[in-house]
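First comes the structure, then the notes that go with it.
The values are calculated or read from the model by the stated rules, or taken from the named source; none is laboratory data. In this text, all values refer to a predicted model and were calculated from it rather than measured experimentally. Counting neighbours? That spans all protein chains shown, and the Cβs are built from the backbone with ideal geometry, glycine included.
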Amino acid sequence: MLIDIHTHNLLVDCTDQLRFLVGKHSLGIHPWELKTPFNETLCAEKFLKLKMQFQKKTLAIGECGLDRRRKGIVNCDIQEIVLGWHMDWALEVQRPLILHCVKAEADLLKILKAKKYKGRILLHDFAGDFEIARSFLKYDCYFSFGSRLFNSKTLANEVMKLLPREKIFLETDDQTEFTLVDLYQKAVLSLNIDGKTCEELFFSNLTNFFSDFNDISSADIINDLRTSTIS
Ligand SMILES: [Zn+2]
């Protein structure tokens, strides 16, 4: 069973894949949605509506986070406010937080420290170096890797190799130029393991990532993820 921990694409039936679909398995306001001019009241209303949609089968909170590169969205101070709402919500409902973080790792670390954040997080499409990754390991943090693994100009392969194996995931995100199978083949080479071990690793990581949530069993979770494919 192959695991895609972060995708925006609903693909045709792949019975051997579990895909974590943002917007279906998780709820949140993406920082790119925080466009200027910004109305905090409207945004807070939108957030409250999302909170009302939460059900037992909502497996995570997000995608939310910080982005210092994207043009046309609010500054990081306002993004931090909205991120704070999501963090409190994730703790309240005991779900992992799916985080988008672009050129804002230092800001995110500052927030986690200030809040003494104890919840579980996934840093999707992790783009930092290993030193930054290590700073995040002080928290209950997982990291996912996707398109960067195919780009030798990035540090993704090196960082993935150095991180504890039980903390990593693969993701297709919004990309369609490569498949989940391509990613697994890449991981087999990068991690220097065989295909079966690779499958077992990411499956075991998935089980751990969603463990400790009292109201939902791993069987429920796997079942919900299965329904993200169209048959
Ligand atoms: Zn995404």
### Message
Quick check on the range 56-66. Is at least one of its residues in contact with a helix residue (DSSP H, G or I) (Cβ under 6 Å, 6 or more places away or on another chain), free of Cβ contacts under 8 Å to residues at least 40 places away in the same chain and either farther than 24 Å from Asp77 by Cβ or buried (at least 22 other Cβ atoms within 10 Å of the Cβ) (or both)?
### Response
yes
### Message
Looking at the range 106-120 only, could you name the residues that are surrounded by 20 or more Cβ atoms within 10 Å (Cβ to Cβ) and either among the β-branched types (Val, Ile, Thr) or within 16 Å of the ligand (Cβ to nearest atom) (or both)?
### Response
Leu108
### Query
Taking the condition at pLDDT 95 or above, within 16 Å of the ligand (Cβ to nearest atom) and of a type in the set (A, V, I, L, M), does Leu170 pass?
yes
### Task
Take the range 36-78 and flag every residue that is within 16 Å of the ligand (Cβ to nearest atom), of a type outside the set (A, V, I, L, M, F, W, C) and either in contact with a Lys or Arg (Cβ under 9 Å, 6 or more places away or on another chain) or closer than 25 Å to Thr227 by Cα (or both).
Gly62, Glu63, Asp67, Arg69
## Note on the structure
Checked the range 173-190 for anything surrounded by fewer than 16 Cβ atoms within 10 Å (Cβ to Cβ) and within 27 Å of Glu63 (Cα to Cα); matches are Asp174, Thr176, Glu177, Phe178, Val181, Asp182, Gln185
## Note on the structure
Within the range 142-165, residues among the hydroxyl-bearing types (Ser, Thr, Tyr) and touching a residue at least 60 places away in the same chain (Cβ under 8 Å) come out as Tyr142, Ser144
### Query
Based on what the data block shows, is Cys76 without any contact (Cβ under 8 Å) to a residue 40 or more places away in the chain and surrounded by 19 or more Cβ atoms within 10 Å (Cβ to Cβ)?
no
### Task
Look at the range 107-141 and say how many of its residues are more than 18 Å from Glu166 (Cβ to Cβ) and free of Cβ contacts under 8 Å to residues at least 24 places away in the same chain.
5
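Report the residue count in the range 170-212 for those that are assigned to a loop (DSSP other than H, G, I, E, B), farther than 19 Å from Thr7 by Cβ and under 17 Å from the mean Cα position of the chain (by Cα).
1
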### Query
So which strands (runs of 3 or more DSSP E) are wholly in the range 86-157 and hold at least 1 residues that are within 22 Å of Leu191 (Cα to Cα)?
120-123, 140-145
### Task
Tally the residues that are over 17 Å from the mean Cα position of the chain (by Cα) and either hydroxyl-bearing (Ser, Thr, Tyr) or part of a helix (DSSP H, G or I) (or both), restricting the search to the range 213-223.
5
### Query
Which residues, counting only those in the range 79-105, are closer than 14 Å to Gly119 by Cα, hydrophobic (A, V, I, L, M, F, W, C) and either in contact with a Ser or Thr (Cβ under 8 Å, 6 or more places away or on another chain) or more than 16 Å from the ligand (Cβ to nearest atom) (or both)?
Trp85, Met87, Trp89, Ala90, Leu91, Val93, Ile98
